[in-house]
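A.B. asks: Dumping the structure here so I can ask a few things about it.
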């Protein structure tokens, strides 16, 4: 009884060995992959700690180890390990209980910040991702990009000065400096303000702001405020937002021409009925990057006359006549072009005058 | 000047500094000033005379009308297809006679010219080459590999592909030159907008009817990388010229076997083609929708579309660009990949292991999956061999059937690609156990399988990404296998 069993095993031995070898190889691959992931994660944690130290410094908080651990949500022992690695890499040095950036550390922090903002810029303007989805992806990618790749990316994007959130993109050699900004919650009424920064967290709040065209660069004007909410105008349309939401919007005084202040009566191009003519006042500040360049290159410059010619089936796009050319725009683009409708005025006269408007 | 002694790095630093100071309105003002200047020049030199609705406006009113626009568009495209399909028959038969068929051009002359051609034309190039090789005493395997393999495959691709392309592309370029194509994009935009794609995809899709590889190249007109990828991946759902003959052949087989002749019988073939094309368009929208909500999520990018004025077409230029830039370019690529495929086909049919050709083993291996999909091992093997060029699917199937089962009373040579008439084809297929269900599944698989080798290569060239090339290749074939399995088994359940 025993011998046939042995013979049977011998028959199957080759198969068994092969199967075991395959399984072991697979398991080894899994283990190696896991180790790699863990190593990766540790490196990313170092970067995150470095960024946090730089930000705390900018906001005039003291970057102590315990505060860092609290914000990053790490156990004290783990946080000490992270600080140890930072000291080893000579990115920081300790002064009393404060962590201060060394030159190398500052360079790395600037690199990370630059990478984050350039990646966000690329994702929004190049890949067309919505503003509320780019933060997480940039957080993942910023750790793996080299300085050369960054220079290349910067060139490709045409050396942008601001990221889509309105934050300045530092050049490779700049120092980190705080910028003067005010919260919209405390801004005066009837004073045009330029949005300079919009918090990307929580995402729901950001989405709400985006829907109202409140993005970095947009110019708004508070017309009324009470205890709970404030009434404001942006791109010629009135909206309200609760005071709590206004806390996540940072503004600066807007040094703008009256046409852009939102105080003049302007309408989005979508209001133009077929057959009507208007003249372009400006492009909304919320339209930036590639989209803005494209519209400008097509000749949608301030002062130009524009006539709605016809809409398509389903009303997704409208054909406009501009400078003797027909150009079709989707509703989304038309909404970003601000115009004034011209009612029964001699258009020939305006056509002659329009070159003085610009 | 002391400034000339600046180091390059210092200059870069200075640029960096200056750029921070540049007003963000700078670009707006620059472009505005350029346009204002252009406007002033125009004002002083150009006079606009007429004011009434122009010819262009009237035409636009008709062609982009919310109600008439779509039927007109369908009518125009149906006309283009009809011209391509019917018009390609004569030159296709001519090329087949010239290059492949036994008896050379004599049967073509009898059928289309109603006269007997001189005896000198009654040998095809294939036959002449055979005589030449025999005269040179070349060994059998060399003659087989070069003539029955490479030459036959290339000649088949040329005779099937060249005439439709030489008709379709000039017609397409004509529409383009007239200024009608942007109007199609304008008309169809809502469908693409709902499915998260770019309106200009309509143009690349139209191009895909001619050739998927050309359609993929055309995707360059879409600015946003996300929407460009969607357009590239879904281009394969458009039945290209290489697959049209297969659909038409099966449509003709269906007409010959299922309908009882007369007007209805004739329209079965046409209906088959229209049904397959419409299904392709529907699936394209479905995949657009799925992609733009999963792996290629994101916002729609800027949609700006210039609608140029209608122009009188420059016929000579159209013929030149469409023949040189498109037809010959695409044909050259197809021939490049068809030649090695010819070698493979010949080897599969003629290499033997213990007395049986390799093809037989492969067919038996693929039979279970083929049965599950409502097809057969023969069809699957033909598709694997025909990855480089879809045109050779039907001849490969015929070759494999003949190989497997002998000649079946038809005068066919074994181990070679052959062409037969519809009647013979229908007899041959149904003798192999084909049913209506096999035909339907086969049509579905013609629509839903991996893009041909040329297209895969082009996708790689355009995206430079293994990931997207793999997705574009495997997604349709996975869909095809799934849909065929579902259809075949539901069909079996109810019959």
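Quick note: the coordinates plus some simple rules give every number you see, no bench work behind them. This one's a predicted model, so the numbers in the text were calculated from it and none came from an experiment. Neighbour counts run over all protein chains shown; Cβ positions are idealised from the backbone, glycine included.
A.B. asks: Within 10 Å of each residue's Cβ, count the other Cβ atoms and sort A:221, B:211 from fewest upward. Provide the component values of the computation, followed by the final result.
C.D. replies: Working: A:221 17, B:211 32.
Ranked by crowding around the Cβ, least crowded first: A:221, B:211.
A.B. asks: Once every DSSP H run of n ≥ 4 in the protein assembly as shown is given -39500 (n - 2.57) and the sum is divided by its residues, what mean residue ellipticity at 222 nm do you get, rounded to the nearest 500 deg cm²/dmol? Intermediate values should be presented prior to the final figure.
C.D. replies: Values: 34 runs with 482 residues, N = 853.
Using -39500 (n - 2.57) per qualifying helix, the result is -18500 deg cm²/dmol.
A.B. asks: What's the exposure ranking of B:26, B:172, going from fewest to most Cβ atoms within 10 Å?
C.D. replies: Values: B:26 11, B:172 23.
The most exposed by this proxy come first: B:26, B:172.
A.B. asks: Averaging sequence separations of C-alpha pairs under 8 Å and six or more residues apart, then dividing by the length of segment A:182-260, give the relative contact order as a whole percent. If you can, show how the numbers build up before the last one.
C.D. replies: Details: 138 pairs, mean separation 32.4, N = 79.
In percent, rounded to a whole number, it is 41.
A.B. asks: Compute the long axis of helix B:436-447 from its Cα atoms, compare it with the longest principal axis of the Cα atoms of chain B, and write down the angle in degrees, 0 to 90, nearest 10.
C.D. replies: Helix B:436-447 sits roughly 40 degrees off the main axis of chain B.
A.B. asks: Given axes a ≥ b ≥ c from the Cα gyration tensor, I'd like to know whether segment A:45-197 is rounded (a/c under 1.5), prolate (a/b larger than b/c) or oblate. Intermediate results must be reported in sequence, preceding the final value.
C.D. replies: On the way: a/c = 1.92, a/b = 1.33, b/c = 1.45.
Oblate, because a/c is 1.5 or more while a/b does not exceed b/c.
A.B. asks: Let me ask something else. May I ask for the distance between the Cα centers of segment A:47-94 and segment B:443-495, given as a whole number of Å?
C.D. replies: 52 Å
A.B. asks: May I pose another question? Name the shape class, rounded, prolate or oblate, that the alpha-carbon gyration tensor gives for segment B:284-365, where a ≥ b ≥ c are the square roots of its eigenvalues, rounded holds for a/c under 1.5, and otherwise prolate holds if a/b is larger than b/c and oblate otherwise. Mind dumping the intermediate values first?
C.D. replies: Numbers: a/c = 5.12, a/b = 1.60, b/c = 3.20.
Taking the square roots of the gyration eigenvalues as a ≥ b ≥ c, segment B:284-365 is oblate.
A.B. asks: Under 8 Å for C-alpha pairs, at least 6 residues apart: give me the relative contact order for chain B, rounded to a whole percent. Provide the component values of the computation, followed by the final result.
C.D. replies: On the way: 599 pairs, mean separation 76.4, N = 495.
The normalised contact order for chain B reaches 15 percent.
A.B. asks: Report, to the nearest 10°, how far helix B:466-494 tilts away from the longest principal axis of the Cα atoms in chain B, using its own Cα long axis and a range of 0 to 90°.
C.D. replies: 50 degrees
A.B. asks: Follow-up. Residue by residue through B:34-43, how many Cβ atoms from other chains fall within 10 Å of the Cβ on average? Please list the in-between numbers first.
C.D. replies: On the way: counts 4, 12, 9, 2, 3, 9, 2, 0, 3, 4.
Other-chain Cβ atoms within 10 Å of each residue's Cβ, averaged: 5.
A.B. asks: For segment A:106-133 and segment B:184-233, what is the separation of their C-alpha centers, rounded to whole Å?
C.D. replies: 28 Å
A.B. asks: Starting from the Cα gyration tensor of the protein assembly as shown, take the square roots of the eigenvalues, sort them a ≥ b ≥ c, and report rounded, prolate or oblate (rounded when a/c is under 1.5, otherwise prolate if a/b is larger than b/c, else oblate). Before the final figure, lay out each step's value.
C.D. replies: Numbers: a/c = 2.47, a/b = 1.45, b/c = 1.71.
Here the protein assembly as shown falls in the oblate category.
A.B. asks: Separate question: How well do other chains shield peptide A:312-323, expressed as the mean number of their Cβ atoms within 10 Å of each residue Cβ?
C.D. replies: Details: counts 12, 13, 8, 3, 10, 10, 1, 8, 1, 2, 0, 4.
Rounded to a whole number, the mean comes out at 6.
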